[in-house]
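*Asks:* For reference, the structure I am asking about is given below.
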Amino acid sequence: MATTEVERRRGQLAALSIAAVVIIVGVPLWWRTTETYRAWLPVSQIKEFATLQLLLSVDVEVVFSRGTVSPEQQKKVPMTQTQDEEHRVDENTALKYRYEIRYRTATIMEEDALKQPTASDADLSLHALSENPCGSLVVYVIPESSSLLSEDVDVYIGQKRTAILRLGAQMRVGRTLEQLLAHLEPRIKKILHMMSFSHTDITAALSDRVRLAPGNRENIVDSMRAFKSSPGYEITFSLLNPDPKSHRLHWDIESAVETYVQPLLTKLAPIANFSIDSQTLYYAMLGVNPRFDISRSSYTLNAESLAHVINPVEARLGSNAASSNPVLNFLLYVPDALHSPLHILDRKKQAVHSNAFHSPRWGGIMVYNVNDVYGPEAVLPVDININMAKVMGVFLAQLRLLLGVQSSSPPPGFVVASCSSTGLADWELDRLMWSRSVENVATATTTITSLAQLLDQIGNIVINDNIAEQVSSAVTSLQLAVAELEAGNLGFALQYSKEAILASERAFFDPSLLHLLYFPDDQKFAIYIPLFLPMCVPILLSLIKIASDARQKRREKQAKKD
Amino acid sequence: MAAHRCGFLPPLFILCALSVLTVTWTQETIPLGSHRAAAADSKPTDTKSVAQTTEQLAVEQRQWEATEVEEATSAAAAVSKQDNSSPEDVVQTSTPKPKDEFQEELVVRPLHSGDIYASFQFRTLWQTDFTRERKVSHYGLFPKSLGQVISKFSVRELHISFTQGYWRTMQWGQPFLSSPPGAELWVWFQDTVTDVDGTWKELANVLSGIFCASLNFIDSTNTVQPTASFKPLGIGNVTDHRFLRYATLPREIVCTENLTPWKKLLPCGTKAGLAVLLKSEKLFHSSFYSQAVHIRPVCQDWQCKTASWELRQTLNVVFDLHNSGQGKREWSLFKMFSRTLTEACPLASTSKIYIDVTDNPEGEQFELSPATALLSQAVVLGDRRTFSVYDLTQQITFGTVRSLNVLMRWKSSEGDMLRPLLHAERYVAGYGLQTGEIHTLMYNNHPYRSFPVLLLDSVPWYLRMYIHTLTVTSKGKDNKPSYIHYQPSKDRVRPHLLEMLVQLPPNSVTEVTVEFERALLKWTEYTPDPNHGFYVGSSVISSLVPSLVALDTNSTWQRPLFSTFFPCKEESSYFVRVYTEPLLVNLPTPDFSMPYNVICLTCTVVAVGYGSLYNLLTRTFQIEEPSPGLAKRLANIIRRMRGVPPL
């Protein structure tokens, strides 16, 4: 009897020690060897971006010229004034605009400049005096009696970052300073919305982050027209010649690009890199057969059919093999001799004056009729020189629309200076930079948060060091961009936001995250079961037996005691 | 609003003015004489209505909008001050010198086997200064996609070919341009490229997209840098082979999806000219099909002061008309391509069809209709050939029916072919799955002259070549190569490269043998159909073969395209490149359900061993009384029945 008891004891000990070895050595060993490498990510900082609070601040300088404030009022003019405006876009995104308004009186030289006969001259000479940093504004307040602006004009917006504001008639004399400032405030706000950003622009830029209410359709359509923010764009001009047998077309695209497009793109250089190329495509047909209109004695294309025009052409345009930036296509279509002239009709069946149309986020097409430059007796093929000034005028207008350089129409009483040879005023560039920075920040935050979510969900995906590096650099750039927006340094904000977007996209589209380097859990367990089941069942059974034995023994002892 | 802006501009931009305000202003100021013209020119439109329609359209998701021009006109107009003196469109009186040039050509050669060999060549010349770094690039006839590739990857020369089928040299003679089965790509980079391998990989990926081919499978394991075999064919004397990369994909299957992007590169597409004949269902119903793109810099003129890019697109196809023609030997363009020709590509400077009539000097072999008086002689591949020429740029070629359908009807089927002077073949010998031997046979059929050939062999790493077993024998004697370049492979990194210069004695067969061992791959490295075998690319044999007739070395300008591809410097020999068959080698192939079986089996073994050990360790043992024997048990049963106590 005693020997069996010893045997039993030994068996129990052996089972316990095997179980201990399995738990202490086996499980950690298995855990270590099947572990995936996951580099550290700044998860807490990424989580902060889930709720985005953007503060945009603009520096505005208000300069009072002689005759607008009395000398005693001059002394009482506050140095600075900060106005905040808060908007809640949705539960996770909040916007705050801060206008830092500084007041001062005009210097003698500025007074001289404001005495010029016309507003544009005054504007020019004011620029010569000072240079304003990117994103800031100067508003010159002139007395009501000034002859600088014509009768019905209140505000003149210059080519650079200045505006000239005329006091209203009710502000003639003897008003207190408070009244004057209160009178000025809404008008300065209006100028700001025109020259730097308006709330609708910024919410449109946030479209990547925020689902807009259906009521805002108008804005969505406006924002959908322009290309998404991207570090670079490819601009392709294509000359479509469906009839090389009758027309031999020559376009001097090289010099046209040099004269018309390049100045605008040089100005836009802080926004993105642009590369331009051009090509000539022969036998490129439109997808729709134009209909002959007897009343107009010309062929016509309806607005409804325009959507089908491009498809066959697009197959031949070819994507850019050498880069992955979005492509802006500008097509110049010269209809063949049998289908000329060709006119585009709008919804009201009116011929479109420019004979051109554009497609959002794709490009533009212009139809260029050449039938009237040669007579019926001409020897085919006819050599035709294309008037590039006419063509480029249309293409530039389309380019501005597609890049999002589209100013909302000025409110009544505003006059906008004609833009200089670059085709883009400084404040227009600022406007674009504001919305592009906000758009970049919005896109980068969504990318980085969704990447963090994905990595969190799939537990056995490998996170390499380079991805962690990209993510952290994206997070740092994002924080810097937000901080620069708060400080009002627009140029730096755009720069950092571009870096953020690049780093976040690189991390998100890294091929190592897409690789099937890992198996789903169910397949893994299918492989483990043949090993684990026969090993674990005896251990578990003997552990259960030991436990029940021990309980029985205790119960017997209890019975004995009783 | 835009009108306001324009109003301030100088008065010179009136000609391109498009806005209402500007037009009215023009009418006021222009003197009476020109008033009418200006008024006729201006069609005042309601800018507001355009704007409104724009808004209406804007409601749709993907909308097509009429463009308002007024916005930017001011900018455009401001700049257009300088050139507004020129009238709108000018019908030019003098044609400017074209910057680009396009030529097309089709050669048809009846083969002695009864097949028909048709070879298309399209040549685009692009006169541009490509060494200059430019951001803006403008393309005319040259395809933009390839131009961008050249400038982005700093390519100096690019040769790519896709071939379906194997060219049977012994039956068909020498092709104008040979290519190995599958895909072949070789590229010379500019010497400004620093990371050649990275650029090469990226270039292969981009080309893979352009040509819809699996060129993205080109990586370091199938890329070699030949030292002598592939010299640049264009101008330039950089021969540092660090900038050369060569790769073949013998497995590549070529079909219509490769032809369509190739056709897109032609300026006329398939709408006009010879390319009309390129119908894929006919082209791929053939014994041999090969398409290629060659880009290289060439001289612009005699003096060769400036260079221009040459893009040569070639397409070679061999039709087996003899079998499909129910015994009748006749062919026509319509029979081959199911199309006829009606016009030349209007952009082409020359557009010709050449038909090889060398064997038919008096018309006793076959009859050609419509007959053409134009005959041309050219020296191709060391042989003087005579061709009937149809010039498509001449309207008279098409005759009264306005379509050209060249027809050839055979009278007799005699005649023998000149045996090609150089010819090669290759096979794998040996048995079992461990070792083997590659045999390469090179034939010199020249009766009395020996010539040297360059042999290039690129063998994947999983065939481990034993280079010490390399033997070269001709006519039973050891033939020592005068130059051997051998680069051993590295597992999973790079292939073997063997290059050697061998002198082939006259009228002989030279045999090169080398032994190899088959490596065992990792189970993820096998192709989806591993039992099909693994391809080893063709050997390349390049040689200057003695010519039978003297070559004309100086004037390459007026000669037909097919005879001008390889630059020739000597009169007495011509350059030939011969490809052998690709090899198909079986590697030891495991059963691919094996990993799971192995896991299950080992787990079971482990579990059984562990189970018995566990049992031994944890069971308690006690001595049991041995059970009584059978006799005793029976006795006990009987005793119980009798009522007697058991034993």
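Only the coordinates and a few stated rules stand behind these numbers; no lab work does. In this text the structure is predicted, and so the values were computed from the model without any measurement. Every residue, glycine among them, receives a Cβ derived from its backbone with ideal geometry; neighbour counts consider all protein chains shown.
*Asks:* Restricting to chain A, compute how many DSSP beta bridges are antiparallel as a %, nearest 5.
*Replies:* Rounded to the nearest five, the antiparallel share is 25 percent.
*Asks:* Could you work out the relative contact order of region A:21-135? I mean the mean sequence separation of Cα pairs under 8 Å and 6+ apart, divided by the number of residues, in percent. Please list the in-between numbers first.
*Replies:* On the way: 112 pairs, mean separation 30.2, N = 115.
Answer for region A:21-135 is 26 percent.
*Asks:* Below 8 Å, C-alpha to C-alpha, sequence gap of six or more: please give me the relative contact order for chain A in percent.
*Replies:* Averaging sequence separation for qualifying contacts and normalising by length gives 18 percent for chain A.
*Asks:* Quick test of the membrane-span-like rule: which DSSP H helices of chain A reach at least 18 Å along their long axis (C-alpha atoms) with mean Kyte hydropathy at least -1.0?
*Replies:* Qualifying helices, which must be both long enough and hydrophobic enough, are A:2-21, A:177-195, A:388-403, A:426-457, A:465-487, A:490-508, A:521-561.
*Asks:* Summing +1 for each Lys or Arg and -1 for each Asp or Glu, what net charge is found among the other residues whose Cβ lies under 13 Å from the Cβ of residue B:462? Can you show the working numbers first?
*Replies:* Working: positive: B:464, B:490, B:492, B:494, B:518, B:522; negative: B:491, B:517, B:525.
Its environment carries a net charge of +3.
*Asks:* Which value, in Å to one decimal place, does the Kirkwood hydrodynamic radius take for region B:456-602 when every pair of different Cα atoms is included?
*Replies:* 19.1 Å
*Asks:* Lysines near residue A:553 by alpha-carbon distance under 27 Å, same-chain residues fewer than 8 away left out - which ones?
*Replies:* A:545, A:561
*Asks:* Put +1 on the Cβ of each Lys and Arg and -1 on the Cβ of each Asp and Glu in region A:229-403; which of A:387, A:401, A:373 then has its Cα farthest toward the positive end of the dipole?
*Replies:* A:401
*Asks:* Something else now. Which value at 222 nm does chain A reach when only helices count, each DSSP H run of 4 or more adding -39,500 (n - 2.57), with the total divided by all residues and rounded to the nearest 500 deg cm²/dmol?
*Replies:* Only helices count here, giving -14000 deg cm²/dmol.
*Asks:* Another one. Could you tell me what percent of the DSSP beta bridges with both partners in region A:56-202 are antiparallel, to the nearest 5? Mind showing how you got there, number by number?
*Replies:* Numbers: 13 of 32 bridges.
If we restrict to bridges inside region A:56-202, about 40 percent are antiparallel.
*Asks:* Same structure, new question: Which of the lysines could a cross-linker bridge to residue A:498, judged by Cα under 18 Å and excluding same-chain residues fewer than eight apart?
*Replies:* By straight Cα distance, residue A:498 reaches A:228, A:267.
*Asks:* Please compute, for the alpha-carbon atoms of region B:151-221, the extent along each of the three principal axes and give them in descending order in Å.
*Replies:* Taking the Cα atoms of region B:151-221, the three principal extents are 45, 23, 23 Å.
*Asks:* How large is the Rg to Rh ratio of region A:56-202 when both quantities use alpha carbon positions and Rh follows Kirkwood?
*Replies:* Value, to two decimals: 0.98.
*Asks:* Counting only other chains, and only Cβ atoms inside 10 Å, what mean value do you get across the residues of A:345-356?
*Replies:* Numbers: counts 1, 9, 7, 5, 0, 6, 3, 8, 15, 9, 3, 5.
Averaged over the peptide's residues, the number is 6.
*Asks:* Sticking with this one: Pairs to check: A:245/A:390; B:279/B:335; B:490/B:522. Give those whose C-alpha atoms are more than 18 Å from each other in this structure.
*Replies:* Those over the limit are A:245/A:390.
*Asks:* Within region A:56-202, count lysine pairs with alpha carbon atoms under 27 angstrom apart where the residues are 8 or more positions apart or belong to different chains.
*Replies:* 14
*Asks:* Then there is this: Please state, to two decimals, what the Cα-based radius of gyration of region A:229-403 comes to when divided by 2.2 N^0.38 Å (N = residues).
*Replies:* 1.04
*Asks:* I would also like to ask the following. Could you tell me the distance between the Cα centroids of region B:455-493 and region B:255-318, to the nearest Å?
*Replies:* 35 Å
*Asks:* Which of the trypsin sites (Lys or Arg not before Pro) across region B:357-444 are loop residues per DSSP, with 13 or fewer other Cβ within 10 Å?
*Replies:* Here the trypsin sites (Lys or Arg not before Pro) that fit, given the DSSP loop and packing criteria, are B:402, B:411.
*Asks:* Find which of A:80, A:64, A:177 sits farthest along the positive direction of the dipole of region A:56-202, computed with +1 on the beta-carbon of Lys and Arg, -1 on that of Asp and Glu, about the Cα centre.
*Replies:* Farthest along the dipole direction, towards plus: A:177.
*Asks:* Between rounded, prolate and oblate, where does region B:206-350 land on the alpha carbon gyration tensor, with a ≥ b ≥ c its root eigenvalues, rounded for a/c under 1.5, else prolate if a/b exceeds b/c? Intermediate values should be presented prior to the final figure.
*Replies:* Details: a/c = 2.15, a/b = 1.41, b/c = 1.52.
Oblate.
*Asks:* Let me ask something else. Can you tell me the Rg and the Dmax, both Å, for the Cα atoms in chain A?
*Replies:* Expressed in Å, the Cα Rg and Dmax of chain A come to 35.6, 131.
*Asks:* Using DSSP to call loops (not H, G, I, E or B), can you name the chymotrypsin sites (Phe, Trp or Tyr not before Pro) in region B:565-595 whose Cβ has at most 13 other Cβ atoms within 10 angstrom?
*Replies:* Numbers: sites: B:565, B:574, B:575, B:579, B:592; in loops: B:565, B:592.
Answer by residue number: B:592.
*Asks:* Gap in Å between the Cα centre of region A:60-124 and the Cα centre of region B:159-204?
*Replies:* Between the Cα centres of region B:159-204 and region A:60-124 lies a distance of 69 Å.
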